[in-house]
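Down below is the structure, laid out as structure tokens.
FYI, it's all coordinate maths here, none of it is from the lab. As the structure is a computational prediction, the values presented were derived from the model and not from experiment. Neighbour counts are summed over all protein chains in view; Cβ atoms, including those assigned to glycine, are modelled from backbone coordinates with ideal geometry.
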Amino acid sequence: MTYGEAESNLILDRLINQWAIDQDAGQIADQLQLMAPDGTYRVYQGDQLVTETAGRENLTRQFTTAAAARDQSFTMNGTHLITVNQNDGTATGIVYAQVKVVTARDNQRVVTNYSVRYHDQYAFLGANWVIQERDEHRVIVDQHPLHA
């Protein structure tokens, strides 16, 4: 790994973590600044494509709707591997995460635990790295009443 690759890996590592923090805080505008203006976000349940959204305006609508439907979320990023291609200013990454989402249903709080594997495509635009494409694969989904 070269110095430039190491620096890019550190920047991309922070990008991944900032995405999770912004998502949990409901800071959608900040979260989407981490994505290319023409970026694409896909969600898969198993092998089934559930949704595909492209462009910041459409993503803002989708993420705002999702944020309004939840009371809380908590994301823990885990294992991830990023491969940088310095020659063309791109990178790919796989990120494993645990995402817990709390919602209210029928006067009861419900927690949904998502075991997620993200497949990311990154691009170096201007002076910084952004997410060009993010595929969210929900590998395991567990939902049950939240006992506090």
Q: Determine ³J(HN,Hα), in whole Hz, for all residues of the stretch 60-65 in sequence, where each value follows from phi through the Karplus function 6.51 cos²θ - 1.76 cosθ + 1.60 and θ = phi - 60°; x replaces Gly and Pro.
A: 4, 4, 5, 5, 5, 4
**Q.** Rounded if a/c under 1.5, otherwise prolate or oblate - the stretch 9-78, Cα gyration tensor axes
**A.** rounded
Q | the chain shape via C-alpha gyration tensor axes, a/c threshold 1.5 | A | prolate
Q: Would you calculate the separation in nanometres between label points at Y96 and S115, each defined as 7 Å from the Cα along the Cα-to-beta-carbon direction?
A: 0.9 nm
Q.
Shape verdict for the stretch 1-45, please, from the Cα gyration tensor: rounded (a/c under 1.5), prolate (a/b greater than b/c) or oblate.
A. prolate
Q. In nm, to one decimal, how far is the A127 label point from the T60 one, both placed 7 Å along Cα→Cβ?
A. 2.4 nm
Q: Note down the nm distance, to one decimal, between modelled labels 7 Å out along Cα→Cβ at Q143 and at R105.
A: 0.4 nm
Q) How long is the gain from Q27 to Q45 if the chain were fully straight, where each residue apart is worth 0.36 nm and the alpha carbon distance is subtracted? A) 4.0 nm
Q. Just how large is the dipole of the chain about the Cα centre, in debye to the nearest 20, putting +1 at every Lys and Arg Cβ and -1 at every Asp and Glu Cβ?
A. 460 debye
Q) Over the chain, what is the mean sequence separation of C-alpha contacts under 8 Å (at least six apart), divided by residue count, expressed as relative contact order in percent? A) 23 percent
